[in-house]
1. Counting only residues that are in contact (Cβ under 8 Å) with a residue 24 or more places away in the chain and assigned to a strand (DSSP E or B), how many does the stretch 273-321 have?
2. Among (1) in contact with a Ser or Thr (Cβ under 7 Å, 6 or more places away or on another chain); (2) surrounded by 15 or more Cβ atoms within 10 Å (Cβ to Cβ), which single condition is K288 missing?
3. Report yes if some residue within the stretch 12-23 is part of a loop (DSSP other than H, G, I, E, B) and among the acidic types (D, E); otherwise report no.
4. Got a sec? Which of G86, G73 is surrounded by fewer than 21 Cβ atoms within 10 Å (Cβ to Cβ), touching a residue at least 12 places away in the same chain (Cβ under 8 Å) and either under 24 Å from Y245 (Cα atoms) or not charged (D, E, K, R) (or both)?
5. Pairs needed: first member in the stretch 165-191, farther than 12 Å from L139 by Cα and assigned to a helix (DSSP H, G or I); second member anywhere, polar (S, T, N, Q) and within 16 Å of the ligand (Cβ to nearest atom); C-beta distance under 7 Å; at least 6 residues apart or different chains.
6. For Y203, all conditions in the list (1) in contact with a Pro (Cβ under 9 Å, 6 or more places away or on another chain); (2) within 12 Å of the ligand (Cβ to nearest atom); (3) aromatic (F, W, Y) hold save one; what is the number of the exception?
7. Quick test for you: out of A361, A399, pick the one residue that is more than 16 Å from the ligand (Cβ to nearest atom) and under 10 Å from A337 (Cβ atoms).
Amino acid sequence: MNDRFNEIIENAEKDLFNDFKSIENIALINTEKVLNAFRAHQIALRHFNGTTGYGYDDIGRQKIAEVYADIFGAESAIVSPLIVSGTHALTIMLFSVLRPNDILLSISGKPYDTLQEVISGSGIGSLRDYNIAYDEIMLKDNDFDYEGIKEYFTNNSKVKAVFIGRSRGYEWRNALSVEQIEKVIKFIKSINNDIIVMVDNCYGEFVQTIEPTQVGADIMAGSLNKNPGGGLVNAGGYIAGKSRYVEQATYRLTAPSIGSEVGSYSAGYKSFFQGLFIAPSVVMNAIKASMLFGQVYHNLGYDTMPLPHTQNYDIIRSIKFDTEKELVEFVKAIQYASPIDSHVTPEAWDMPGYESKVIMAAGTFVEGASIELSADSPIREPYIAYLQGALTYEHAKLAVIETLKYLGK
Ligand SMILES: *Cc1c(COP(=O)(O)O)cnc(C)c1O
């Protein structure tokens with residue numbers, strides 16, 4: 001390793017000593033939480049077995065759901081390879097709870113890009129097509145706009161559910177902490193206890209030691225291509241929360257008459273259990289990676305989010321570049337530093353479900369898995385790279401250096 005790059009990394013690591021200690025502690029607590037759930041549910045090798053056909057007696061399906069529910073402090077959960085992605089899990093969550101003439105209110109600004117069409121697309125079976133209205137309240141100074149929320153409820157009696165996006169999405173903002181989410185849930189329930197609080201939990205799992213369903217969220221959903229898959233799950237999503245809402249979700253996932261009684265998966269569930277078991281540690285590596293990139297680029301004078309020495313509430317690091325060219329070079333460097341498809345040059349493309357062209361580096365073992373080191377960015381001003389993931393911290397170190405080379409630092 002070149003001495004100059006070595007020095008840059010070492011300086012950043014010195015700066016990060018205490019931050020690393022605190023994230024290691026979070027990983028320890030979460031590992032214990034996961035281990036306790038495995039023990040409580042007496043997970044055994046036979047729970048890995050796959051089933052075929054209808055899968056009536058699919059014990060693995062039931063057990064992985066029980067373990068997730070336990071870890072997330074939820075009454076029940078769905079964990080399934082039949083959920084194709086986080087977007088699908090969130091879509092099931094939305095459609096399972098909302099009915100015609102309801103209002104869905106997002107209180108964390110614009111939901112993630114891929115949910116835009118789900119909510120307000122035209123003629124494609126969106127919420128809007130089913131006459132479910134949508135409104136949003138922007139965040140204010142990186143927190144919920146309490147006055148705005150109160151005022152909205154005073155004027156609208158038909159709000160059925162509130163939507164909260166824990167992670168930042170493609171916004172120049174910090175992720176929300178579970179403490180912030182807890183406070184706003186209490187506030188909303190004090191206005192009207194019947195309002196259903198739904199959380200997009202993508203990128204948030206195991207970042208802190210508690211999850212939204214442990215602080216009053218009624219239902220939440222996420223992607224197994226991200227944190228809780230631990231990098232081992234080939235595809236899937238989860239939904240967790242209060243039993244009555246999760247049950248509704250099972251009717252949307254399969255059919256109202258069969259719910260969670262069916263669903264086979266012949267490949268079996270080993271990767272779901274093993275991925276979950278290592279997820280707290282993998283998330284720690286991803287956060288260390290995020291911190292390292294943040295510190296290095298901060299030291300070089302770039303704007304990064306979150307700022308160094310502030311707690312991470314998702315695994316993403318946003319880095320603001322001056323030009324489109326710098327952004328593209330950064331993303332290319334991440335691709336080149338990847339174990340898979342390092343020879344491929346990423347190009348901006350019209351990714352399904354995204355509003356702008358997106359450039360993405362994902363040289364990953366599981367296609368597009370963003371718990372693995374990856375970077376993506378919509379090609380629009382300001383030129384922000386969203387970097388996330390890393391199965392190992394060492395990989396992140398090598399990747400930082402590659403980006404510095406590409407940017408001519
Ligand atoms: C990734 C992501 C989604 C969608 O998950 P996919 O698995 O990519 O479909 C939704 N919300 C947030 C905040 C995300 O980061």
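1. 6
2. (1)
3. no
4. Within the list G86, G73, the selection yields G73.
5. Correct list of pairs: V178/Q208.
6. (1)
7. Just one listed residue meets the conditions, A399.
Listed here are the residues, each with its yes/no results for (1) touching a residue at least 12 places away in the same chain (Cβ under 8 Å); (2) surrounded by fewer than 21 Cβ atoms within 10 Å (Cβ to Cβ); (3) under 29 Å from K14 (Cβ atoms); (4) of a type in the set (V, I, T).
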residue	(1), (2), (3), (4)
F330	yes, no, yes, no
A348	yes, yes, no, no
A362	yes, no, no, no
L404	yes, yes, yes, no
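The values are calculated or read from the model by the stated rules, or taken from the named source; none is laboratory data. Keep in mind the model is a prediction, meaning the values are calculated, not measured. Here the Cβ is made from the backbone with ideal geometry for all residues, glycine too, and neighbour counts use every protein chain on show.
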